[in-house]
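Each remark here refers to the structure printed beneath this line.
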Amino acid sequence: MSERIPAQIIETIDPRQPIRLTPSQAGGPIHTRSFSGRFRNLRLYGAGLLFLIFFGTAWLDWGGRQAVLWNLAEHRYYIFGATFWPQDFILLSALLIIAAFGLFAITVVAGRVWCGYTCPQSVWTWVFMWAEKITEGERHQRIKLDAAPWSLNKLARRSAKHAIWLAVSLLTALTFIGYFTPIRDLTRDLLSFQLESGTLVWVLFFMTATYLNAGWLREKVCVHMCPYSRFQSAMFDDDTLLVAYDATRGEGRGPRKKESDHKAEGLGDCIDCYMCVQVCPTGIDIRDGLQIDCISCGACIDACDSIMDKMGYARGLVGYHSERELQGGKTHWLRPRLIGYCIALVLMIGAFIWALHDRSMLSIDAAKDRSMFRENQLGQIENTYLLKVINKTQQPQRYALTLANSPDLRLQAPAQLQLNPGEILDVPVTVIRENQQAISSTLPVQFVIKNLANAREQAQTQSIFLSPSGR
């Protein structure tokens, strides 16, 4: 019992191989190598679609106004032909929950493909990296420029790069603010130097945020600041498709001639060219296994496939593989967690569509006058109220006001109310107590407003009627 287990040294690194730090491990700037491939093209199409939607939608008109506009001053949100009000914000919350569950379902199937293909941080970073490439050159030229002393050439190239970065940042900030302030007015005020100070502060804030995030922080946002990268692995299972290196096929790695019999030399398919590291936007070596830095963009897959083609080997040494597949099994597409997410998504989308279709396009609120009650010339007790009526439709409407379940009360109000599209109308009304012998000094009042063109469209609000005790 007193004997100790002898310690044993286990070598995890081949002492014959030089230690190479990845750009991520080295801590310096990450300069990616240019490449081509199917996943790179897929990212390009996805980014182009995202840019088209983001920058194009802000300039679309619909029915004489901006198609998509969150008008903070008027407390309403326009999206094409629909108008949403503060009372409809529960629908926005539901939409965000649906989007979250959709992201969870995608993560179960294919890991962080959202990060790699459509996340705004990744997309804008690629645009900034493209600007870096056209102004400073390819990867080896940028590395050389970093190490070179300052000169007119370096100053000119760096100035051109940052000018493009700032231009893209300004355009991004203006477009984003343009979803909250009419973008044509915003652009006109900016060009005429008449932009309000508050709006200018927000434009500068989002411009600076875009410039720093996409230009300087880049992969650091994905690795250190994004909460999704921290908990996404909890949603993985053995059948989740991840960017992975097939170590069984690739090891032992090492250089060789194209015509050589690498199997006879005891080598795997990996030629240790380091291309997968050079194209990675987060600077990791995918051969080290699953890492929090990996955004599943597929860049290393394209790079490795191109090398496999040149060597005459089969593609897929690096690819979208599940852990079960790498262990020799077959990926299961239908599994309980994914089915659960899909069922929840279908139910929530159905409920959202029903709520969207069933939402009231008419609203009424009642504010009682601060005086408790008053007696008119006929000796009757009356209370006054201010009703706020909102026509949420995009057409003019006619409404009628009534009282419900109030036999002892009579309403004095306009016979009809005419409201323009989206109009908010304040209507002062008076309620008179008909039965002066009523014992209760407090009576419930229910105001009902009905659409004269559609009797099923109505809204109601509650208040109280006050009178002296004993009358």
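LEU290 satisfies every condition listed in (1) under 19 Å from GLY111 (Cα atoms); (2) outside any helix (DSSP H, G or I); (3) hydrophobic (A, V, I, L, M, F, W, C); (4) out of contact with any helix residue (DSSP H, G or I) (no Cβ under 9 Å at 6 or more places or on another chain) except (4).
The rows are residues; the columns are (1) assigned by TED's automatic domain parsing to the domain that holds GLY379; (2) at pLDDT 90 or above; (3) of a type outside the set (S, T, N, Q).
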site	(1), (2), (3)
THR393	yes, no, no
GLN397	yes, yes, no
PRO407	yes, no, yes
GLN412	yes, yes, no
GLN416	yes, yes, no
LEU419	yes, yes, yes
ASP426	yes, yes, yes
ILE432	yes, yes, yes
GLN437	yes, no, no
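If the condition is being touching a residue at least 24 places away in the same chain (Cβ under 8 Å) and closer than 24 Å to ILE79 by Cβ, then region 185-209 contributes TRP202, VAL203, PHE206.
Determine whether region 248-258 contains at least one residue that is surrounded by 18 or more Cβ atoms within 10 Å (Cβ to Cβ) and either under 30 Å from MET225 (Cα atoms) or in contact (Cβ under 8 Å) with a residue 60 or more places away in the chain (or both). Taking every residue of region 248-258 in turn, at least one turns out to be surrounded by 18 or more Cβ atoms within 10 Å (Cβ to Cβ) and either under 30 Å from MET225 (Cα atoms) or in contact (Cβ under 8 Å) with a residue 60 or more places away in the chain (or both). Of these, ARG142, ARG188, which one is part of a helix (DSSP H, G or I) and closer than 26 Å to VAL279 by Cα? From the options ARG142, ARG188, the qualifying one is ARG142.
Matching residues to (1) in the same structural domain as SER296 (by TED's automatic domain parsing); (2) hydrophobic (A, V, I, L, M, F, W, C); (3) under 21 Å from the mean Cα position of the chain (by Cα):
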{"site": "ALA214", "(1), (2), (3)": "yes, yes, yes"}
{"site": "VAL223", "(1), (2), (3)": "yes, yes, yes"}
{"site": "PRO227", "(1), (2), (3)": "yes, no, yes"}
{"site": "ARG230", "(1), (2), (3)": "yes, no, yes"}
{"site": "SER233", "(1), (2), (3)": "yes, no, yes"}
{"site": "TYR245", "(1), (2), (3)": "yes, no, no"}
{"site": "ARG249", "(1), (2), (3)": "yes, no, no"}
{"site": "ARG256", "(1), (2), (3)": "yes, no, no"}
{"site": "HIS262", "(1), (2), (3)": "yes, no, no"}
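Set side by side, the residues THR172, THR181 differ, and just one is in the same structural domain as CYS226 (by TED's automatic domain parsing), surrounded by 15 or more Cβ atoms within 10 Å (Cβ to Cβ) and assigned to a helix (DSSP H, G or I), which is THR172. When the strands (runs of 3 or more DSSP E) confined to region 39-119 are screened for residues that are touching a residue at least 40 places away in the same chain (Cβ under 8 Å), those reaching at least 3 such residues are found at 68-71. Hey, does region 191-198 have a residue that's surrounded by 13 or more Cβ atoms within 10 Å (Cβ to Cβ), under 23 Å from the mean Cα position of the chain (by Cα) and assigned by TED's automatic domain parsing to the domain that holds HIS321? Checked against the condition, which is being surrounded by 13 or more Cβ atoms within 10 Å (Cβ to Cβ), under 23 Å from the mean Cα position of the chain (by Cα) and assigned by TED's automatic domain parsing to the domain that holds HIS321, region 191-198 yields no hits at all.
Of the residues that make up region 326-337, is at least one more than 30 Å from GLY28 (Cβ to Cβ), without any contact (Cβ under 8 Å) to a residue 40 or more places away in the chain and of a type in the set (A, V, I, L, M)? Yes, because at least one residue in region 326-337 is more than 30 Å from GLY28 (Cβ to Cβ), without any contact (Cβ under 8 Å) to a residue 40 or more places away in the chain and of a type in the set (A, V, I, L, M). Can you find a residue in region 428-440 that is under 15 Å from GLN460 (Cα atoms), of a type in the set (S, T, N, Q) and surrounded by fewer than 18 Cβ atoms within 10 Å (Cβ to Cβ)? Checked against the condition, which is being under 15 Å from GLN460 (Cα atoms), of a type in the set (S, T, N, Q) and surrounded by fewer than 18 Cβ atoms within 10 Å (Cβ to Cβ), region 428-440 yields no hits at all.
The values are calculated or read from the model by the stated rules, or taken from the named source; none is laboratory data. The structure presented is a predicted model; accordingly, all values stated were derived computationally and were not measured. When we count neighbours, we look across all protein chains shown, and the Cβ atoms used for this are built from the backbone with ideal geometry, even at glycine.
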